[in-house]
């Protein structure tokens, strides 16, 4: 509900822009100064808060491959 995505956080609408793939658990927690992680376990290193760029960011390198695969599937199964 709270991705690290400026347009979703600034549009005045409670729900984020739909359809994005976000990051996920990140054992390195590069944003630990901004985010209070509730677990030290790498697989649980995720917080659904807007400041969490390490685990909750909308990023091109996750979304572009998904668009490619969905386009391919649409092409072979019209």
Q: Say whether the condition of being surrounded by 10 or more Cβ atoms within 10 Å (Cβ to Cβ) and part of a loop (DSSP other than H, G, I, E, B) is met by at least one residue in the range 64-73.
A: no
Q.
For the range 6-52, give me the residue count where each residue is under 25 Å from residue 70 (Cβ atoms), touching a residue at least 12 places away in the same chain (Cβ under 8 Å) and surrounded by fewer than 18 Cβ atoms within 10 Å (Cβ to Cβ).
A. 7
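Values quoted throughout were computed directly from the atomic coordinates according to the rules given, and no laboratory measurement underlies them. Computed from a prediction, not measured in an experiment: that's the story for all the values here. Reconstructed Cβ throughout: ideal geometry from the backbone, glycine too, with neighbour counts over all protein chains shown.
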